[in-house]
Amino acid sequence: MPYDPDSLQTRWKALLDDDPRTRIRNAAAALGVAEAQLLATRCGDGVTRLDGPFGTLLTEVEPLGRVMALTRNAGAVHEKTGIYHNVKLMESHNMGLVLDDDIDLRLFLSNWHVGFAVTTESSAGPRHSLQFFDETGTAVHKIFLTRKSDKAAYDALVARYKHDDQARTQPVEPVAPAEPETPDDAIDQAGFLEDWAALRDTHDFFPMLKEYEVSRPQALRLAEGRFTQRVPADTLRQTLTAAAERAAPIMIFVGNRGCLQIHSGPVRKLKPTPPWFNVLDPGFQLHLNEDHIASAWVVQKPTRDGTVTSLELLDADGEVLALLFGKRKPGIPERDDWREIMRSLDAAGEAVEA
């Protein structure tokens, strides 16, 4: 729907004058527009629209050096600092991977529709970033320069990918309504649970859901008591606290339609700032809004390496906020310290056996 970028920018400035700490995502929601639309009002003033293909652009990020990768959804923000080594694109360029020891990403590039190079002023000086959005104008991934980044390489990258169109408006698609779940009685529940029991790899789980036309929250509910167990929302705190106390390396996945970002390693500094619960470690930060946790589950998946156990956090729409696992790689059984943490979780006063 048409809008006046000057009026929108004026309203945005009024919000910032009232509270300079207002994040652009929150400002966009308050103003009734998409984040990408709000950002586009600054094209020519610290914002440059980028041309694609964005997968190819990502293969040229490595010369920027150490950067901070940020992926978020409605209730969780995942930040990792590192270098974009080993960027691999699938043949169709609709999917890709980043496989650095620090920055570990799964890319769903068919949902990357617009990108911007952004400079914002802060108390520490100008902050430079590359920001990418889906067709609804919702952010899928952002890359921020750090003090160790190569600003000249960043400038050269932005110049190479500068779009001919620098209009201050950005067309977006409306957010599609969630598809209704398949009724329980229309699902071959026995077959579904048999196939779950026969899983050989955790990566086969999502295709299995698609095959049976089962949503993730529906799957967790149908498997309750056999492969899944409901746990309290504050289980996130219990799990991270136990992992920090034991120095147990874990994996934390946060994603959206365009990107899945993974931390592998220990967590150390935990800090609640309600409604957020935070991990504030060098090189990794997690911010999870506990008010968004509508349900939490301990989930078991059989694999050829033995059972793999996860903590899964879902919001009220059934979307995954975060997934937590013990750190492992294919061919390696699940860690005993992670299993012990899962066993220690208390659900409705009873120990959860993992």
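What follows is calculated from the coordinates using simple rules that are stated; it is not laboratory data. Owing to the predicted nature of the structure, the values given are computational and were not obtained by experimental measurement. Here the Cβ positions follow ideal geometry from the backbone for every residue, glycine too, while neighbour counts run over all protein chains shown.
Over all directions, the projected convex hull of the C-alpha atoms in the range 184-351 averages 10.0 nm² in area. Dividing the summed helix terms, -39500 (n - 2.57) for each DSSP H run of n ≥ 4, by the number of residues in the chain produces a 222 nm estimate of -7000 deg cm²/dmol to the nearest 500. By the rule of a C-alpha distance below 18 Å, with chain neighbours fewer than 8 residues away ignored, the lysines paired with residue 329 are 301. Loop-located GluC sites (Glu not before Pro) in the range 27-92 (DSSP state other than H, G, I, E, B) with a sparse environment of at most 11 neighbouring Cβ atoms within 10 Å: 91.
Highest mean packing first, where packing is the average number of other Cβ atoms within 10 Å per residue, the peptides 14-25, 252-263 line up as 252-263, 14-25.
Using the Cβ-Cβ distance between residue 237 and residue 329 with R0 set to 25 Å, the FRET efficiency from 1/(1 + (r/R0)^6) comes to roughly 0.40.
Each label point was placed 7 Å from the Cα along the Cα-to-Cβ direction; for residue 22 and residue 160 their separation is 3.8 nm. Rounded to the nearest angstrom and listed largest first, the equivalent-ellipsoid semi-axes of the range 28-95 from its Cα gyration tensor are 25, 17, 14. Comparing 320, 124, 76 along the charge dipole axis of the chain, the residue lying farthest to the positive side is 124, per the Cβ-charge model. In sequence order, the range 277-288 has phi-based couplings of 10, 10, 9, 10, 9, x, x, 8, 9, 10, 10, 10 Hz under the Karplus curve 6.51 cos²θ - 1.76 cosθ + 1.60, θ = phi - 60°, and Gly or Pro positions carry x.
List the pairs from 271/327; 80/142; 80/269 whose alpha-carbon separation is above 18 Å, in the order I gave them.
271/327
In this structure, the amide hydrogen of residue 113, modeled 1.01 Å from its nitrogen in the peptide plane, lies closer than 5 angstrom to those of 133, 134, 135, counting only residues at least 5 positions away or on a different chain. Where the alpha-carbon atoms of the chain are placed on the principal axes, they occupy 57, 46, 44 Å, in descending order. Rounded to the nearest 20 debye, the dipole size of the chain about its Cα centre is 1340 debye, using +1 on the Cβ of Lys and Arg and -1 on the Cβ of Asp and Glu.
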